[in-house]
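The next block holds one structure in the form of C-alpha cells; read it before the comments.
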2 protein chains.
Amino acid sequence: MASDKSTPPLTVDSLNPKVLKCEYAVRGEIVSLAQKLQQDLQANPGSHPFEEILYCNIGNPQSLGQQPITFFREVLALCDHPTILDKSETQGLFSADSIERAWQILDQIPGRATGAYSHSQGIKGLRDTIAAGIEARDGFPADPNDIFLTDGASPAVHMMMQLLIRSESDGIFCPIPQYPLYSASIALHGGTLVPYYLDEATGWGLEVSELKKQLETARQKGITVRALVVINPGNPTGQVLAEENQRAIVEFCKKEGLVLLADEVYQENIYVPEKQFHSFKKVARSMGYGDKDIPLVSFQSVSKGYYGECGKRGGYMEVTGFSPEVREQIYKVASVNLCSNISGQILASLVMCPPKVGDESYESYFAEKDGILQSLARRAKTLEDALNSLEGVTCNKAEGAMYLFPQIKLPKKAIQEAEKAKKAPDAYYASRLLNATGIVVVPGSGFGQVPGTWHFRCTILPQEEKIPAIVTRLTDFHKKFMDEFRD
Amino acid sequence: MASDKSTPPLTVDSLNPKVLKCEYAVRGEIVSLAQKLQQDLQANPGSHPFEEILYCNIGNPQSLGQQPITFFREVLALCDHPTILDKSETQGLFSADSIERAWQILDQIPGRATGAYSHSQGIKGLRDTIAAGIEARDGFPADPNDIFLTDGASPAVHMMMQLLIRSESDGIFCPIPQYPLYSASIALHGGTLVPYYLDEATGWGLEVSELKKQLETARQKGITVRALVVINPGNPTGQVLAEENQRAIVEFCKKEGLVLLADEVYQENIYVPEKQFHSFKKVARSMGYGDKDIPLVSFQSVSKGYYGECGKRGGYMEVTGFSPEVREQIYKVASVNLCSNISGQILASLVMCPPKVGDESYESYFAEKDGILQSLARRAKTLEDALNSLEGVTCNKAEGAMYLFPQIKLPKKAIQEAEKAKKAPDAYYASRLLNATGIVVVPGSGFGQVPGTWHFRCTILPQEEKIPAIVTRLTDFHKKFMDEFRD
C-alpha cells in the first residue's frame with residue numbers, strides 16, 4: 001500500500017494550471033478593494049472621503065437602482081406561483097396581459113410543470129417565441145431548433161469554446177480590447193487568444209486588413225484559428241459596427257473558414273440616431289449566405305438591454321450553419337447540465353416578445369423602456385463629455401452597450417509611482433480613484449490595450465441624479481492626480 | 001494570404017476530442033427514441049400500444065405530476081415582483097409567513113435588487129441562512145463563506161473537476177455504478193475515471209478494501225488519484241451509507257490525501273426507518289477532524305429532496321479544508337460566470353430553512369412534504385417488490401434517493417439478438433420495454449456495472465395512481481420478453 005506521503009495535500013501548485021492562468025478583471029482585485037472599503041464604511045461611517053461605493057466596474061444596472069420592467073416581473077411571479085392565476089384578487093394586482101401571457105407560457109410547458117427540468121435546449125414553446133422575435137427583428141427566418149437557452153450568455157460562450165478548442169494550437173480571434181469572459185474562457189479551455197486590435201483613432205474601428213494581418217501572424221506561429229469573436233455593440237468599447245463593416249467580416253469568416261461568434265447581448269443598447277443594430281445573421285442572409293454557408297453563433301442575454309435582469313441568468317445562443325453531427329455534440333454538452341433555469345428561459349422569451357401596441361401593459365411598458373434607454377443615452381453623453389474635458393484623457397463615444405473606455409495619458413512620474421507600488425499604471429490610477437472617490441472602474445489591462453496605452457472601463461449605469469456628483473468627484477480627483485504627477 | 005482551403009470546415013472530427021468522448025446516458029439515445037414515440041402519439045393517437053410516455057429515466061419529479069411546495073413558490077413569486085408586497089390583495093393570496101420571509105430576503109439583497117448579479121458565491125444573507133441550516137442539521141458550525149451557490153449541483157461538480165484535473169494522469173475515484181454527470185465531467189476535463197465497485201450482493205456496499213485495491217491499481221498505472229466521489233444516498237443505487245462506513249471513507253481520504261467530493265443531493269430522500277442521513281462533514285467533525293484536516297466538498301441541490309424543483313436550478317457546494325490560496329482560485333472560477341440565478345439562490349435558502357412549528361404555513365407545508373415522502377416510500381417498495389417478482393430480476397431496496405437499479409439476468413438468445421441490433425444487451429432490453437409499454441428507463445451501461453451483468457435505472461417518481469398500471473405493463477412485457485428468449 002502506498003503511504004499517505006505519496007499524494008501531497010492540495011496546493012495551488014497542484015491545481016489545473018489553466019485555472020491559474022485564467023483572469024477575470026471585472027471581478028478582480030479592484031472589486032475586492034471596493035468590498036473592503038464598503039465594509040469599512042459600514043463599520044465606521046465617515047472613515048473615507050465618500051459615503052458610498054459606486055460600482056461602475058460591471059454592467060449590473062439593477063444594483064445601481066434601475067427598476068425591473070413591471071410586465072416582465074408580473075409574468076415571472078405568476079409563472080412561479082400559478083395557483084393564484086384563477087383567484088379574483090390576482091386581477092387587482094396584475095395586468096390582464098401579464099395574466100394572459102402567464103397562461104400562454106404555462107400551456108407551453110409540458111404538464112404545466114414549471115419546476116421540471118426542460119428539454120436541454122429549453123422549453124420548445126419558448127424557443128418558438130424567441131425564434132419569432134428573431135424573425136421579426138431580422139426579416140429572415142429563424143428556427144426554434146437552432147436556439148439553445150442558457151443561464152445567461154456566459155455558459156453559452158464556454159460551451160462553444162469547449163467544442164472548438166482542442167489544444168493551445170487552436171486559436172480564437174478576439175478583439176482587443178475585449179470582454180474578459182473571452183480571455184478567461186479561452187484560458188480555461190487551454191486555447192490561444194489571437195488578438196485583433198480595434199482602432200481607437202477611428203472610434204474603435206474593426207478593420208479587415210488588421211484581421212488578415214493577425215491571421216497570417218497566427219498561422220505562421222502554427223496556430224489554427226478556429227473562430228472569430230465580434231462584440232457588437234462593443235464591450236468595453238461601446239462602438240456599433242456599420243453594416244458595411246459587418247459584411248466584410250462575414251466575407252472574411254467565410255473565406256477563411258472561421259466560425260463567427262457574434263456577441264450581440266447589447267442589441268437593444270444603442271444611443272445614437274445614426275447607428276442601428278444589425279444581427280450578423282441578418283447581414284449574412286442579406287448577402288445571400290444561407291444556413292449551410294457559414295457557421296454562426298449569436299449570443300443574447302436578459303442581463304443587458306433596457307431590462308438589465310442580470311440576476312435572472314437568462315440567455316440563449318442561436319446556432320446556424322453547423323452540420324447535424326456537430327449540432328448533436330452541442331446538444332450533448334448542453335444535456336450534461338440538463339437545462340437552464342426556467343425563469344431565465346421565460347424571461348428570454350419575454351424580452352424577445354414584449355407587450356405590443358394595444359396590450360394593456362403596452363403604454364407603461366414602453367414608458368419604462370423608453371425612460372431607461374433615454375436616460376442611459378444622456379448619462380453616456382454627460383460622462384463622455386466629462387471624461388473628454390480631463391487633462392490627458394480622450395474618450396470615444398458610447399454609441400451603444402453600457403460602457404465608456406477612455407484613454408488616459410499618464411505622466412511618467414505616475415508610471416514610476418505605479419511601478420513602486422507593483423501595479424500596472426492603469427490599475428494604480430483605478431485604485432487611487434477608488435480610494436479617493438469610492439468610484440470603482442476596471443483598469444484597461446483587464447481588457448487588453450495597445451501596449452503603452454492606458455485606459456479604464458467605466459459603466460454609464462449610476463442613476464441619473466448621481467451623475468453630476470460623479471463628474472465632480474472624478475474631475476476633482478483627476479486634477480489632483482495630475483497636479484501630483486504632472487511631468 | 002492563406003487560401004480558404006487552409007482551414008477545413010468544422011466537422012465532428014475537428015471538434016475537441018474530449019467532447020466527443022463525453023457520454024450522458026440519462027438524456028441519451030433512449031430519450032431521443034422516447035421523444036420520437038411521443039411525437040408519433042401526438043400525430044397519430046393509437047399508433048402505439050400505450051397512450052403516454054412515462055419518463056422514468058430521470059429524477060424530474062414535477063414532470064411526472066409532483067406539485068411544488070406552496071410556501072416555497074409563494075416566497076419566490078413575491079421576490080420576483082416585490083411591488084405587490086404592500087398591497088392589501090396580497091394578504092388574501094399569500095400566507096403571512098411567506099410575505100414575512102420575502103421581506104426578510106429582500107432585506108438581505110443589497111439595494112433589494114433582485115435583478116442584479118450577486119456576489120459570485122451568492123447573496124451573503126442567503127448563505128447565512130444556508131449555513132445556519134447546515135449547522136442545525138449537523139450540530140457542527142458552518143461558515144457562510146464556505147458556501148458557493150450554483151445553478152443546480154452540476155456546475156459545482158464541473159467547477160471542482162476543472163480545478164482538480166490537469167491531464168489524463170489525474171484520476172477521480174467514482175463509484176460504479178455512478179451518476180453519469182461524473183463520468184461526463186471527468187471526460188470533458190480530460191481526466192481519468194478511477195472506478196471502485198459497489199457490492200450489489202451487500203446492498204451496494206462501499207468497501208474500503210475495494211478502495212484500497214483500486215487505488216493501488218490506479219497508482220501502478222501512473223494515475224495520480226486526486227479525489228473520491230461518494231454519492232450518498234446513492235444514485236443510481238439508492239443505498240444509504242451507514243455512519244461507520246462513512247467514517248472509514250473519511251479516514252481513507254485523510255490517509256491517502258484525497259479530496260472528498262460528497263454528493264449529498266438526496267439528503268432528504270430516505271425511505272427506511274433504520275437509516276438516517278449523516279453529512280460527511282458531520283461525520284468528519286465528529287471524528288475530530290477540523291476545518292484544516294481534510295478537504296471536503298458537499299454538494300446540495302433544490303432539484304431533489306421532497307421539493308424536486310429541478311427547473312429552478314438552485315444548489316450549493318460547501319467547501320471546507322482548502323487553503324486560502326486554493327479557495328481564491330475556486331472563487332475566481334465562480335466569478336467568471338458572475339453568479340448563479342437569484343431565484344435558485346433564494347430557493348436553496350428556503351429548502352435549508354423551511355417553515356417552523358408555529359409559522360402560519362407550517363401545517364400545510366408539513367402535510368405537503370410528508371405526503372410526498374410517504375408516497376415516494378410506498379412507490380419505492382411497490383416497484384421494488386414488482387421487480388423482484390420478475391423472472392431473472394433481482395433488485396436491492398431503495399433506501400433513499402429516487403431510483404431502483406435492478407439486475408436482469410438476460411437469456412443468451414436475448415444477448416445474441418441485441419448483438420444483431422448492435423446494442424448493448426441492457427440497451428436492447430430498455431428499447432424493447434419502451435416500444436412495448438412507453439416506460440423509459442436508462443440502461444445500466446450508462447452508469448457502469450460489473451462486466452457481464454445487466455441493469456437498468458428506473459425512477460420511483462410516476463404518480464402513485466399510475467404505479468399499478470406500470471407494474472402490470474412491466475410484468476406483462478417482461479414475461480413476454482422472457483417467453484421469446486428464454487434459454
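The values are calculated or read from the model by the stated rules, or taken from the named source; none is laboratory data. Given the structure is predicted, the values throughout are model-derived calculations rather than measurements. Cβ sites come from the backbone with ideal geometry, for glycine too, and all protein chains shown count toward neighbours. For accessibility, only protein heavy atoms count, side chains too; no ligands or nucleic acids. Shrake-Rupley method; radii C 1.70, N 1.55, O 1.52, S 1.80 Å.
Could you check how many residues of segment A:85-124 are part of a helix (DSSP H, G or I), open to solvent by 10 Å² or more (accessible area, probe 1.4 Å) and closer than 23 Å to A:Asn337 by Cβ?
Residues in segment A:85-124 being part of a helix (DSSP H, G or I), open to solvent by 10 Å² or more (accessible area, probe 1.4 Å) and closer than 23 Å to A:Asn337 by Cβ: 4 in total.
Of the numbered conditions (1) buried (at least 22 other Cβ atoms within 10 Å of the Cβ); (2) facing chain B (nearest Cβ under 8 Å); (3) closer than 17 Å to A:Ala227 by Cα, A:Lys312 satisfies every one except a single condition; which is it?
(3)
Quick check: is even one residue across segment A:44-67 within 30 Å of A:Thr237 (Cβ to Cβ), assigned by TED's automatic domain parsing to the domain that holds A:Val441 and in contact with a His (Cβ under 9 Å, 6 or more places away or on another chain)?
no
Taking segment A:335-352 on its own, how many of its residues are more than 9 Å from every other protein chain (Cβ to nearest Cβ) and under 28 Å from A:Lys292 (Cβ atoms)?
Counting residues in segment A:335-352 that are more than 9 Å from every other protein chain (Cβ to nearest Cβ) and under 28 Å from A:Lys292 (Cβ atoms) gives 3.
Residue by residue through segment B:125-162, note down the ones that are β-branched (Val, Ile, Thr) and either over 21 Å from B:Asn341 (Cβ atoms) or part of a helix (DSSP H, G or I) (or both). Quick ask: steps written out before the conclusion?
The initial filter retains those residues of segment B:125-162 that are β-branched (Val, Ile, Thr), namely B:129-130, B:134, B:147, B:150, B:157.
The answer is B:Thr129, B:Ile130, B:Ile134, B:Val157.
If I ask for residues that are polar (S, T, N, Q) and surrounded by fewer than 20 Cβ atoms within 10 Å (Cβ to Cβ), which ones from segment A:229-266 would you list?
Initially, segment A:229-266 is screened for residues polar (S, T, N, Q), giving A:232, A:235, A:237, A:239, A:245-246.
Listed by number, the list holds a single entry, A:Asn245.
Can you say whether A:Glu29 is in contact (Cβ under 8 Å) with a residue 60 or more places away in the chain and open to solvent by 10 Å² or more (accessible area, probe 1.4 Å), as far as the supplied structure shows?
It is true that A:Glu29 is in contact (Cβ under 8 Å) with a residue 60 or more places away in the chain and open to solvent by 10 Å² or more (accessible area, probe 1.4 Å).
Within segment A:125-154, count every residue that is surrounded by fewer than 24 Cβ atoms within 10 Å (Cβ to Cβ) and within 9 Å of chain B (Cβ to nearest Cβ).
1
Taking only segment B:370-390 into account, find how many residues are in contact with a Cys (Cβ under 9 Å, 6 or more places away or on another chain) and of a type outside the set (A, V, I, L, M).
Number satisfying all stated conditions: 3.
If you scan segment A:52-63, which residues turn out to be more than 8 Å from chain B (Cβ to nearest Cβ) and either among the polar types (S, T, N, Q) or open to solvent by 10 Å² or more (accessible area, probe 1.4 Å) (or both)?
A:Glu52, A:Ile53, A:Tyr55, A:Asn57
Scan segment A:116-134 and report the pairs whose first residue is in the same structural domain as A:Gln267 (by TED's automatic domain parsing) and whose second residue is open to solvent by less than 10 Å² (accessible area, probe 1.4 Å) and among the charged types (D, E, K, R), with Cβ atoms within less than 7 Å and a gap of 6+ or a chain change.
Sorted first by the residue in segment A:116-134, then by its partner, the pairs are A:Gln121/A:Arg127; A:Ile134/A:Glu318.
Which of the following residues is facing another protein chain (nearest Cβ under 9 Å) and polar (S, T, N, Q): B:Ser303, B:Ser286?
After ruling out the rest, the residue left standing is B:Ser303.
Could you check segment A:155-180 and list, in sequence order, the residues that are in contact with a helix residue (DSSP H, G or I) (Cβ under 6 Å, 6 or more places away or on another chain) and either modelled with pLDDT under 95 or open to solvent by less than 10 Å² (accessible area, probe 1.4 Å) (or both)?
Listed by number, the residues that qualify are A:Val157, A:Met161, A:Leu163, A:Gly171, A:Ile172, A:Cys174, A:Pro180.
So how many residues does segment B:356-386 have that are touching a Ser or Thr at 6+ places or on another chain (Cβ under 8 Å) and in the same structural domain as B:Cys458 (by TED's automatic domain parsing)?
Total meeting the criteria: 1.
One line per residue, one yes/no per condition, for (1) at the interface with another protein chain (Cβ under 8 Å from one of its Cβ atoms); (2) open to solvent by 30 Å² or more (accessible area, probe 1.4 Å); (3) without any contact (Cβ under 8 Å) to a residue 24 or more places away in the chain:
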| position | (1), (2), (3) |
| --- | --- |
| B:Pro45 | no, yes, yes |
| B:Phe71 | no, no, no |
| B:Glu74 | yes, no, no |
| B:Leu78 | yes, no, no |
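So which residues in segment B:283-303 are at pLDDT 95 or above, within 23 Å of B:Met159 (Cβ to Cβ) and open to solvent by 10 Å² or more (accessible area, probe 1.4 Å), if there are any at all?
Matches in segment B:283-303: B:Pro295 only.
I need a count of the residues in segment B:348-371 that are farther than 13 Å from B:Glu74 by Cβ and either open to solvent by less than 60 Å² (accessible area, probe 1.4 Å) or in contact with a Lys or Arg (Cβ under 9 Å, 6 or more places away or on another chain) (or both).
9
Any residue at all in segment B:25-32 that is within 9 Å of chain A (Cβ to nearest Cβ) and more than 30 Å from B:Arg379 (Cβ to Cβ)?
So far as segment B:25-32 goes, no, none of its residues is within 9 Å of chain A (Cβ to nearest Cβ) and more than 30 Å from B:Arg379 (Cβ to Cβ).
If you check B:Val208, B:Val194, which single one turns out to be within 14 Å of chain A (Cβ to nearest Cβ) and either without any contact (Cβ under 8 Å) to a residue 40 or more places away in the chain or buried (at least 18 other Cβ atoms within 10 Å of the Cβ) (or both)?
None of the others qualify; the one that does is B:Val194.
Exactly one condition in (1) outside any loop (DSSP other than H, G, I, E, B); (2) touching a Phe, Trp or Tyr at 6+ places or on another chain (Cβ under 8 Å) is false for B:Val75; which is it?
(2)
Can you name the condition, by its number, that B:Gln239 falls short on among (1) under 18 Å from B:Asp146 (Cβ atoms); (2) under 24 Å from the mean Cα position of the chain (by Cα)?
So B:Gln239 meets the others, but not (1).
Scanning for something polar (S, T, N, Q) and over 26 Å from A:Val12 (Cβ atoms), does segment B:170-179 turn up at least one residue? Spell out the reasoning first.
So the first thing to find is which residues in segment B:170-179 are polar (S, T, N, Q), and the list is B:178.
Remaining after also requiring over 26 Å from A:Val12 (Cβ atoms): B:178.
Yes, segment B:170-179 has at least one match.
All but one of (1) touching a residue at least 40 places away in the same chain (Cβ under 8 Å); (2) open to solvent by 50 Å² or more (accessible area, probe 1.4 Å); (3) facing chain B (nearest Cβ under 9 Å); (4) more than 23 Å from the chain's Cα centre (by Cα) hold for A:Gln67; state the number of the condition that does not hold.
Result: A:Gln67 passes all but (4).
Could you tell me whether segment B:363-378 includes any residue that is closer than 30 Å to B:Glu135 by Cβ and among the aromatic types (Phe, Trp, Tyr)?
Yes, segment B:363-378 has at least one match.
Among the candidates A:Val297, A:Val326, which residue alone is over 29 Å from A:Glu100 (Cα atoms), under 23 Å from the mean Cα position of the chain (by Cα) and within 14 Å of chain B (Cβ to nearest Cβ)?
None of the others qualify; the one that does is A:Val297.
Quick check: is even one residue across segment B:328-351 in contact with a helix residue (DSSP H, G or I) (Cβ under 8 Å, 6 or more places away or on another chain) and within 23 Å of B:Lys254 (Cβ to Cβ)?
Yes: segment B:328-351 contains one or more residues that are in contact with a helix residue (DSSP H, G or I) (Cβ under 8 Å, 6 or more places away or on another chain) and within 23 Å of B:Lys254 (Cβ to Cβ).
Which of the residues spanning segment A:315-333 are in contact with a strand residue (DSSP E or B) (Cβ under 6 Å, 6 or more places away or on another chain), open to solvent by less than 10 Å² (accessible area, probe 1.4 Å) and not polar (S, T, N, Q)?
Our first condition is that a residue be in contact with a strand residue (DSSP E or B) (Cβ under 6 Å, 6 or more places away or on another chain); within segment A:315-333, this holds for A:315-321.
Going one step further and asking which of them are open to solvent by less than 10 Å² (accessible area, probe 1.4 Å), we end up with A:315-320.
Selection gives A:Gly315, A:Tyr316, A:Met317, A:Glu318, A:Val319.
Using the structure shown, decide if B:Leu41 is open to solvent by less than 50 Å² (accessible area, probe 1.4 Å), of a type outside the set (Phe, Trp, Tyr) and not in a helix (DSSP H, G or I).
When the stated conditions are applied, B:Leu41 does not pass them.
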